[in-house]
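A.B. asks: Take a look at this one; I'll ask things after.
No lab work stands behind these numbers, since they all come straight from the coordinates. Please read all numbers here as calculations on a predicted model, not as lab measurements. Cβ coordinates were reconstructed from backbone atoms using ideal geometry, including for glycine residues, and neighbour counts include every protein chain displayed.
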């Protein structure tokens with residue numbers, strides 16, 4: 001794979017770019033349309049056909065879509081009736097979480113053959129820190145290639161990978177050449193790579209955020225990097241520091257192999273802001289459905305439900321309700337979520353994002369007990 005960007009920076013250039021000596025070697029591995037790919041692997045009749053994992057009709061929601069379905073505009077978290085309208089030949093299959101978890105266990109075992117520093121984000125993606133190079137392979141890019149080869153051989157599934165010197169860049173890179181691709185961003189190339197991207201590719205910038213940036217003359221990473229921190233704080237509030245660093249390819253977060261997972265949830269960023277009670281209630285019902293899939297998949301048990309909403313001015317509001325015992329079932333989870341929404345109505349302004357989480361989990365240290373659904377499956381947003 002040819003590298004993307006400019007030649008490696010000198011020490012002075014690296015300092016200006018916010019890079020430090022002793023850079024880490026980070027790989028982000030992201031399985032390709034994971035749930036749908038497992039279904040196509042296990043059922044030959046589904047191969048090459050548009051497939052959606054989820055419930056058909058009514059209030060069903062697409063949990064995952066094959067690449068054949070995505071060509072028609074079918075996406076995760078989309079109402080099933082909308083997906084069927086976009087793709088009349090779409091085949092719906094019920095989820096099989098045990099099959100997905102077994103494949104995920106195989107994949108994580110492969111990761112740990114190359115490094116103990118593995119931070120799972122979901123069943124289908126993880127960060128790996130291979131700076132130490134315990135097998136003496138000599139190249140992070142070669143390690144990523146070997147991991148992808150091993151995944152294909154042992155699971156008959158494909159994975160895409162991003163290789164870089166921090167987590168933000170590695171994650172961007174893994175999405176660059178999907179499906180079944182690899183992208184490398186080397187030291188000195190990060191800022192140039194980010195500057196070339198449309199801002200909608202930045203994690204945390206949803207459709208409405210991209211529209212707001214466009215109104216402010218920000219279309220690319222380079223446009224964003226040209227804005228000072230005062231401008232960003234004035235217009236984007238708490239997102240300002242993140243945007244300032246991201247526009248320069250800077251991310252100092254370490255890979256945390258033993259990160260404690262504290263919640264299960266998901267959130268949805270809307271194409272258009274919503275404020276009407278009926279629209280808000282309908283959206284909440286779909287989020288309840290898809291988050292409960294995540295809760296079922298992880299077998300999580302928790303005591304607290306939290307509703308999060310982000311207004312059009314980027315300010316957040318959250319409301320939580322806790323029980324003195326674990327929440328019994330989906331019906332109880334839904335009742336609590338609806339009560340939280342009703343407490344906030346009517347809204348003072350439209351919202352651009354809504355999310356739900358279950359927290360105060362039992363066994364919260366289990367890495368499978370949170371966000372088990374990643375961006376290629378049923379997680380609603382990464383904002």
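A.B. asks: When every alpha-carbon pair in region 75-116 is counted, what percent end up more than 14 Å apart? Kindly include the intermediate steps, with their values, before the conclusion.
C.D. replies: On the way: 555 of 861 pairs.
When every Cα pair of region 75-116 is considered, 64 percent fall beyond 14 Å.
A.B. asks: At each listed q (0.12, 0.20, 0.23 Å⁻¹), what is the log10 of I(q)/I(0) that the Debye formula gives for region 263-361 modelled as equal alpha-carbon point scatterers?
C.D. replies: -0.35, -0.93, -1.19
A.B. asks: Rounded to the nearest 5, what % of the DSSP beta bridges within the chain are antiparallel ones?
C.D. replies: Antiparallel bridges: around 90 percent, rounded to the nearest 5.
A.B. asks: If you don't mind, there's one more thing I want to ask. Tell me, 167, 299 in order of fewest to most beta-carbon neighbours within 10 Å? Display every interim value, and only then the final one.
C.D. replies: Working: 167 22, 299 15.
Exposure proxy ranking, most exposed first: 299, 167.
A.B. asks: Right, another one. Calculate for the chain the 222 nm mean residue ellipticity that helices alone would give, adding -39,500 (n - 2.57) per DSSP H run of length 4 or more and normalising by residue count, nearest 500 deg cm²/dmol. Walk me through the numbers before you get to the answer.
C.D. replies: Working: 14 runs with 137 residues, N = 383.
Calculated from helices alone, the mean residue ellipticity at 222 nm is -10500 deg cm²/dmol.
A.B. asks: Volume per residue, Å³, of the convex hull around the alpha-carbon atoms of region 196-246? Mind showing how you got there, number by number?
C.D. replies: Values: hull volume 3.3 nm³, N = 51.
Taking only Cα atoms, region 196-246 has a hull volume of 66 Å³ per residue.
A.B. asks: Considering the chain, what Rg and Dmax in Å follow from its alpha-carbon atoms?
C.D. replies: Expressed in Å, the Cα Rg and Dmax of the chain come to 20.8, 60.
A.B. asks: Could you sort 345-354, 134-143 so that the peptide with the highest average Cβ count within 10 Å comes first and the rest follow in order?
C.D. replies: Details: 345-354: 16.4, 134-143: 14.6.
Answer by packing, highest mean first, reads 345-354, 134-143.
A.B. asks: Where the centre of each part is set by its Cα atoms, how far does region 267-307 sit from region 127-149, in angstrom?
C.D. replies: Their Cα centres are 38 Å away from one another.
A.B. asks: For region 80-173, what does the equivalent ellipsoid look like in terms of its semi-axes, each the square root of 5 times an eigenvalue of the Cα gyration tensor, given largest first in whole Å? Let's see the in-between values first.
C.D. replies: Values: eigenvalues 188, 50, 28 Å².
Square roots of five times the eigenvalues give 31, 16, 12 Å.
A.B. asks: Percent relative contact order of the chain, based on C-alpha pairs within less than 8 angstrom and at least six residues apart? Numbers along the way, then the final one.
C.D. replies: Details: 790 pairs, mean separation 75.6, N = 383.
Relative CO of the chain lands at 20 percent.
A.B. asks: Taking Cα atoms of region 166-261, Rg/Rh with Kirkwood Rh, to two decimals? Show your work: numbers first, answer last.
C.D. replies: On the way: Rg = 13.9 Å, Rh = 14.1 Å.
Radius of gyration over Kirkwood radius for region 166-261 works out to 0.99.
A.B. asks: Now a separate question. How high is the relative contact order of region 263-361, in percent, counting Cα pairs under 8 Å that sit 6 or more residues apart? It would help to have the intermediate numbers written out before the result.
C.D. replies: Working: 169 pairs, mean separation 47.2, N = 99.
Computed over region 263-361, the figure is 48 percent.
A.B. asks: Hey, another quick one. In whole angstrom, note down how far apart the Cα centers of region 34-74 and region 200-253 are.
C.D. replies: Rounded to whole Å, the Cα centres lie 33 Å apart.
A.B. asks: How far apart, in nm, are the 7 Å Cα→Cβ label points at residue 256 and residue 343?
C.D. replies: Going from the residue 256 label point to the residue 343 one covers 2.6 nm.
A.B. asks: How many Å³ per residue does the convex hull of the Cα positions in region 34-97 occupy?
C.D. replies: On the way: hull volume 4.4 nm³, N = 64.
Normalising the Cα hull of region 34-97 by residue number yields 69 Å³.
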